[in-house]
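The values are calculated or read from the model by the stated rules, or taken from the named source; none is laboratory data. These numbers come from a predicted model, not from an experiment. As a convention, Cβ positions derive from the backbone with ideal geometry for all residues, glycine included, and neighbour counts pool all protein chains shown.
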Amino acid sequence: MAEKQPFITIDKFYQGYSPLAFQNSLTSFGSAGNASVMVNADIINGEYLTQGSGLSALTGTLTEAIQFIMDKAVATNVSYAIGTASLFTLTATSVSNLHNISGCEEGESLSLLKGNLYYFYNTSSEGRIGKYDLVSTFTDSWATGLQLAPHPSDKKEDIMVFGNGRYAGVYIQETGDLTVDKLDFGNDMEVADVLYNAGLWYIAVNSNVSGANRTEGQIFLYDGAALVNTLTDETGVGMQKIGFLYRINGIVYVAFQDLTSDGFIIGYINGKAISPLVRFTGTLPTFNKKTLYKNTILFLSDNLAYCAGALVPQLPFALSQITSSTYSTATAIGCPFGTPLIASNNGSTYVIAKFSGFTITSSWKSIIFNLSRGRLKGYIDSIVVNTKTLGAGASCSLTVEADDNTSSGTAQTITTTGKRRHVFTSFNLAAIENFRIALDFAGGSATNDCAIKDITINYHYTEN
């Protein structure tokens, strides 16, 4: 009986990045569906790999950077954002200036509490809280004398807890009690994020924030009633800086960073420990750069938008990079109307853009597969690609990158309207030691994507 021809099948793209992609773009570690490199690719659907989302700018004129996008609608098709000097009204298709905030130089966060919008911002000399009644009255100096610091905030019912530099502040609307320094975490400490979950406030705090040295992060638990000035418990992240906290289905996730290694980590609170899940390079995302998208955490790092999580529990928690902001500086993200919004600028032009269609600035590369065996090398005979039924203009270029990407085969084009099975047999490659598959959607369509279900590489061994 003839020996069966060896083959490799690349599928299960929902596994996202290889666990070691953050430190080696030529990694061979992981499963067949893992990526070593990914640019604006969508794998979270669970069925196939396709192009990431395109972006469409909201109508309206912006003349300043947006710092925070409220992550919920306050009325039908109405939400808010804060910039470096103003409050803005958002709809699903537009942005407009609502109010110029007196003395504001940096917007921080927004919190809706029983019919009033509270806006946190910094002037040149102090932090402040403003109040808007959602009708016509703005009180810019509703609270003054806060620290010049980030001001993350969260609320439950009539209680609001917010970061105030070394302090956590509390406002209880029912009694009117406001204390901007309810909890004092000490000198050179700074609240990074605040979250309410299951009867407790989670307050992420970083130490040594005034220098460039290593930071220690801690997550403190505080009683939900927010009446006392003592903490309930704490979870230590260790010598690592915390970026944000996020809750999905009762699980509290944490983004944090270790200065001794490239990149950041997404993990979750597990008792008094943090269990790491995924890791990748980039700038540590902060409290204003996260939202929920298809049951994953959609967050910004530099000008890139990543998804961390899984569409359904049956799929593994994975990390992928789904799109890029319109301009090089991405400042905020939110999803008040069900479609993600990303604010970005280039220093002179400002935009809020929503997910729309597909981007053709999209590519994906597999991990490295070894084809050598002793004195034998591998020779690729054919590659079979299965896609969904392609629409007009759908296209993707496939290239075999051989021997640690020191040589490449002839690019093949996955295309043709109505086609699902694509067979390629001519690559202009000799026998090789290893390879990876590189996909590039630059020649494709922004309306009809080229969704790839699996790729099978058939090869044989030859002495070389």
Query raised in the report: How about the range 48-118: which strands (runs of 3 or more DSSP E) wholly inside it have at least 3 residues that are crowded, with 22+ Cβ neighbours inside 10 Å?
Result: 66-69, 79-83, 86-90, 106-113
Report task. Could you check, for the range 8-18, whether at least one of its residues is of a type outside the set (Lys, Arg) and over 28 Å from ASN458 (Cβ atoms)? Result -> no
Query - Test: ASN345 is in the same structural domain as ASP454 (by TED's automatic domain parsing) and in contact (Cβ under 8 Å) with a residue 60 or more places away in the chain - result: no
Query raised in the report: What strands (runs of 3 or more DSSP E) completely inside the range 148-189 contain at least 3 residues that are under 30 Å from the mean Cα position of the chain (by Cα) and surrounded by fewer than 20 Cβ atoms within 10 Å (Cβ to Cβ)?
Result: none
Query - Filtered residue count, the range 320-357, keeping only those that are among the aromatic types (Phe, Trp, Tyr) and under 24 Å from THR281 (Cβ atoms) - result: 2
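This table checks each residue for (1) in contact with a Leu (Cβ under 7 Å, 6 or more places away or on another chain); (2) farther than 21 Å from THR331 by Cα.
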{"site": "LEU245", "(1), (2)": "yes, no"}
{"site": "ALA255", "(1), (2)": "yes, no"}
{"site": "TYR268", "(1), (2)": "yes, yes"}
{"site": "LEU277", "(1), (2)": "no, yes"}
Query raised in the report: Is the range 356-365 home to any residue that is surrounded by fewer than 17 Cβ atoms within 10 Å (Cβ to Cβ) and part of a strand (DSSP E or B)?
Result: yes
Report task. Tell me which residues, restricted to the range 422-464, are within 24 Å of the chain's Cα centre (by Cα), assigned to a loop (DSSP other than H, G, I, E, B) and among the hydrophobic types (A, V, I, L, M, F, W, C). Result -> PHE441, ALA442, ALA446, CYS450, ALA451
Requested in this report: Could you please tell me which pairs satisfy a Cβ distance under 7 Å, a separation of 6+ or placement on different chains, a first residue in the range 144-166 that is in the same structural domain as GLY186 (by TED's automatic domain parsing), and a second residue that is of a type in the set (Lys, Arg) and in a strand (DSSP E or B)?
Outcome: THR144/ARG128; LEU146/ARG128
Report task. Pull up the range 368-394, narrow it to residues that are within 31 Å of the chain's Cα centre (by Cα) and surrounded by 19 or more Cβ atoms within 10 Å (Cβ to Cβ), then point me to the one that is nearest to PHE29 (Cα to Cα). Result -> ILE368
Query raised in the report: Hey, does the range 268-275 have a residue that's farther than 27 Å from GLN257 by Cα, surrounded by fewer than 22 Cβ atoms within 10 Å (Cβ to Cβ) and either polar (S, T, N, Q) or at pLDDT 95 or above (or both)?
Result: no
Requested in this report: Take GLY33 and decide whether it is in contact with a helix residue (DSSP H, G or I) (Cβ under 9 Å, 6 or more places away or on another chain) and either in contact (Cβ under 8 Å) with a residue 12 or more places away in the chain or at positive phi (or both).
Outcome: yes
